[in-house]
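The values are calculated or read from the model by the stated rules, or taken from the named source; none is laboratory data. A quick note: this is a predicted structure, and the numbers were derived from the prediction, not measured. Every residue, glycine among them, receives a Cβ derived from its backbone with ideal geometry; neighbour counts consider all protein chains shown.
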Amino acid sequence: MQLSEDIRSKIIEAVNAGFDDQIAFTRELVAFPSQRGAEHAVQDHIFRQMRQRGYAMERFEMDRAALESHPGGGAWSDTHSSAPIVVGIHRPREEMGRSLILQAHVDVVPEGPHAMWERAPYAGEIDGDWMYGRGAADMKAGAAANLFALDALRRIGLQPAATVYIQSVVEEESTGNGALMTHLRGYRADAALIPEPEDEELVRANIGVLWFRIEVSGLPVHVSDMGTGSNAIDAAWRVIGELRALEAEWNARAKDDPHFGDDPHPLNLNIGKIEGGDWASSVPCWCAVDCRIAILPGMDAHEAAREIEGRIAAFTRADSYLANNPPKVIFNGFRAQGYVLEPGSDAEAVLAKAHREAIGKPLNLRTARAYLDARVYALYDRIPALCYGPTGKNVHGYNECVSLPSVRRITAAMALFIAEWCGVESIET
Ligand SMILES: [Zn+2]
């Protein structure tokens, strides 16, 4: 649907008119310390906010069996969230346009030692153009933008002339199972938009991610007889060395990738967490290492998992201690394939136009080296999945923050995108 100039400028004005409320709402979201497993309260808050706006609401649990039998399902573990998925549904009076999924995740990663933050991590303090807090950029600003882009239309008496599903999910930082659960529940639309902090750019290609844990056992003896024991931490260290070699090989292969070929190191292995041993004077009998590694789009995540297992098994056979005490490799989170947003879609064209109009610049494209839920919609719904959102800083680090002028700009672009993609109708009075 072509929108008149008049309506387009009214939509932008309406986003501006609601922006103080949008900032306040974003701040409320940041105040929930919604780390993995602790997203129940923020999901209830979002549920109430959407219900107040008159959306038809659904709230549902993760279906472990269905997730585990899907090729894109992340592995279950003790720390898997049990928080519900929340979906608000806008149904038009008359279905005229193209339907849309607006998605955001509410889970955040641990904030680390508070002493390293200049501001309380869940206060949502504003300093100049920036709002600070864990999750401010990744991605509570986006979660708020989904609602306020639609509110802007409503403020001028309009609503989308097609079904819109507003999906609030969890587990984006660990398995991607929240987004996958919306797919398994049966939600489908003609396009999806996820306002992750992408610096006002659109993600063209995204890597896949695997999580795994390596458990090594040792032989405990008094350190005075160290030669007769075996040190699990030393052994784990050797396995990590082999994984670094694998990482280097995968990055060398990535030189031929059409999207990541120019990136000097697109596939990062992170040794994210390590624990082991019980006593400074005892040779440690256990060590566990949590790892995250990236794979190129197009590579099957299960095949990648087999390659990692095979590599560790081969290394183990050649190691005099590990050969008789092979480490366990446990896949305990993401088993997610990357995706490519195929160029030339109408959804991309409509977003590019909306972006140009709201922001006054052409829409740039980027590649993303972190897991994105957009993969679910791209790979399994097979629809254009647009990952596009505001400028943020220090995501997953200290002093995470989001640029408020940027949030305003992308919300205007989103509102224009929604209006043109879905079409608009007047709200029934
Ligand atoms: Zn995110």
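Considering only residues in region 229-261 that are outside any strand (DSSP E or B) and in contact with a Gly (Cβ under 6 Å, 6 or more places away or on another chain), the one that is surrounded by the fewest Cβ atoms within 10 Å (Cβ to Cβ) turns out to be Lys255. Being over 22 Å from the mean Cα position of the chain (by Cα), in contact (Cβ under 8 Å) with a residue 40 or more places away in the chain and assigned to a helix (DSSP H, G or I) is a property that holds for Arg8. When the residues of region 285-299 are filtered to those that are assigned to a loop (DSSP other than H, G, I, E, B) and in contact (Cβ under 8 Å) with a residue 60 or more places away in the chain, which remaining residue is surrounded by the most Cβ atoms within 10 Å (Cβ to Cβ)? Result: Leu296.
Residues that are part of a loop (DSSP other than H, G, I, E, B) and small (Gly, Ala, Ser) are absent from region 141-155 altogether.
Given the criteria more than 13 Å from the ligand (Cβ to nearest atom), closer than 28 Å to Leu67 by Cα and not in a loop (DSSP other than H, G, I, E, B), does Leu102 qualify? Yes: the conditions hold for Leu102.
Within region 305-331, residues that are within 14 Å of Asp290 (Cα to Cα) reach no partner that is part of a helix (DSSP H, G or I) and of a type in the set (Ser, Thr, Tyr) with beta carbons closer than 6 Å at six or more positions or on different chains. One residue stands out among those in region 11-63 that are in contact (Cβ under 8 Å) with a residue 40 or more places away in the chain and basic (Lys, Arg): the one that is farthest from Asp78 (Cα to Cα), which is Arg53.
Cβ-Cβ contacts under 8 Å between residues 6 or more apart (or on different chains), taken from a first residue in region 194-206 that is touching a residue at least 12 places away in the same chain (Cβ under 8 Å) and small (Gly, Ala, Ser) to a second residue that is away from the ligand (no atom under 12 Å from the Cβ) and part of a strand (DSSP E or B), are listed as Ala205/Tyr339; Ala205/Val340; Ala205/Thr367. Of the residues Ser34, Ser69, Ser81, Ser77, the single one that is over 30 Å from Ala415 (Cα atoms), among the hydroxyl-bearing types (Ser, Thr, Tyr) and within 16 Å of the ligand (Cβ to nearest atom) is Ser81. Confirm whether Gly277 is surrounded by 16 or more Cβ atoms within 10 Å (Cβ to Cβ), within 16 Å of the ligand (Cβ to nearest atom) and not aromatic (Phe, Trp, Tyr). So Gly277 does not fit the description; no.
Tell me the strands (runs of 3 or more DSSP E) entirely within region 170-228 that contain at least 2 residues that are modelled with pLDDT of 95 or more and more than 16 Å from the ligand (Cβ to nearest atom). The strands (runs of 3 or more DSSP E) meeting that bar are 202-206, 208-217.
Within region 26-39, does at least one residue satisfy the condition of being touching a Pro at 6+ places or on another chain (Cβ under 8 Å) and more than 15 Å from Tyr122 (Cβ to Cβ)? No, there is no match, as no residue in region 26-39 is touching a Pro at 6+ places or on another chain (Cβ under 8 Å) and more than 15 Å from Tyr122 (Cβ to Cβ). Of the residues making up region 357-376, those that are among the hydrophobic types (A, V, I, L, M, F, W, C) and away from the ligand (no atom under 14 Å from the Cβ) are Ala358, Ile359, Leu363, Leu365. Residues in region 377-427 that are of a type in the set (Val, Ile, Thr) and either farther than 22 Å from Asp20 by Cβ or not assigned by TED's automatic domain parsing to the domain that holds Arg155 (or both): Ile383, Val395, Val424, Ile427. On inspection, Leu150 does not qualify as closer than 13 Å to Leu100 by Cβ, touching a residue at least 24 places away in the same chain (Cβ under 8 Å) and within 16 Å of the ligand (Cβ to nearest atom).
Residue by residue, here is whether (1) among the charged types (D, E, K, R); (2) free of Cβ contacts under 8 Å to residues at least 24 places away in the same chain; (3) over 17 Å from Gly310 (Cβ atoms) holds:
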{"position": "Ala236", "(1), (2), (3)": "no, no, yes"}
{"position": "Glu249", "(1), (2), (3)": "yes, yes, no"}
{"position": "Ala254", "(1), (2), (3)": "no, no, yes"}
{"position": "His259", "(1), (2), (3)": "no, no, yes"}
{"position": "Pro266", "(1), (2), (3)": "no, no, yes"}
{"position": "Leu269", "(1), (2), (3)": "no, no, no"}
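Annotation: Pro390 fulfils all but one of (1) within 16 Å of the ligand (Cβ to nearest atom); (2) surrounded by fewer than 20 Cβ atoms within 10 Å (Cβ to Cβ); (3) closer than 22 Å to Val108 by Cβ; the unmet one is (2).
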